[in-house]
Amino acid sequence: MAKTPIPSETLPDQAVLDRELESYLGYVLRRAQMKVFQHLSARLEPFDLRPAQFTALVIIEQHPGLMQADLARALAIEPPQAVVLVNKLEKLGLAMRLRCKPDKRSYGIFLSKVGETQLKELKKLAAQSDLDSTDSLDAQERMQLLRLLRKLYRESP
């Protein structure tokens, strides 16, 4: 016997739907991450960028000449995904691959001049998006949350 789906207009609000799951850390982290991620995604959209691409630009800025495999590892993505990501950054004129002198087969990734300039603007935009999406926290709560989350992901099991 097939079950009849509940019409969406009769569903309870999100808080009621979440009630049973809110004691699970993974669920609450994911919901919070989605809120922050969606906020940043909307701010990056006019630049034709996604949050992972912004993150890659920041990593490349901090580590000019980084190899693509190292970028993939830093982003916790598979190397083929890093190829697509760097191709997009090159297409946008924000990054470039340059052949490395010691190993002529290897390429390091660098920001272009346009990428350096645009990244300054993007960092300001991301910082403001971060603050806006966490505006329900005061400054002390925000710093405490950051400290606790860093502790959580940096500690090994």
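Quick notes on this one:
- Taking (1) at pLDDT 95 or above; (2) surrounded by 12 or more Cβ atoms within 10 Å (Cβ to Cβ); (3) farther than 22 Å from ASP48 by Cα in turn, LEU149 satisfies each apart from (1).
- Single condition LEU122 does not satisfy, out of (1) over 24 Å from GLN68 (Cα atoms); (2) modelled with pLDDT of 95 or more; (3) surrounded by 10 or more Cβ atoms within 10 Å (Cβ to Cβ): (1)
- Cβ pairs under 9 Å, 6+ apart, first in segment 131-153 and farther than 13 Å from VAL36 by Cα, second among the small types (Gly, Ala, Ser): LEU145/ALA32
- Meets criteria (part of a helix (DSSP H, G or I), touching a strand residue (DSSP E or B) at 6+ places or on another chain (Cβ under 8 Å) and not small (Gly, Ala, Ser)) for LEU131: no
- Unique residue being outside any helix (DSSP H, G or I), surrounded by 15 or more Cβ atoms within 10 Å (Cβ to Cβ), within 16 Å of the chain's Cα centre (by Cα) and in contact (Cβ under 8 Å) with a residue 12 or more places away in the chain when the list is ILE109, ILE60, ILE77: ILE77
- Restricting segment 1-52 to residues that are modelled with pLDDT of 90 or more and either assigned to a loop (DSSP other than H, G, I, E, B) or touching a Cys at 6+ places or on another chain (Cβ under 6 Å) (or both), the residue that is surrounded by the fewest Cβ atoms within 10 Å (Cβ to Cβ) is ASP48.
- Qualifying position, being within 30 Å of LEU148 (Cβ to Cβ) and either in contact (Cβ under 8 Å) with a residue 24 or more places away in the chain or aliphatic (A, V, I, L, M) (or both), among MET34, MET67: MET34
- Residue in segment 80-106 that is nearest to GLU121 (Cα to Cα), counting only those that are touching a helix residue (DSSP H, G or I) at 6+ places or on another chain (Cβ under 8 Å) and part of a helix (DSSP H, G or I): LEU89
The values are calculated or read from the model by the stated rules, or taken from the named source; none is laboratory data. Keep in mind the model is a prediction, meaning the values are calculated, not measured. As a convention, Cβ positions derive from the backbone with ideal geometry for all residues, glycine included, and neighbour counts pool all protein chains shown.
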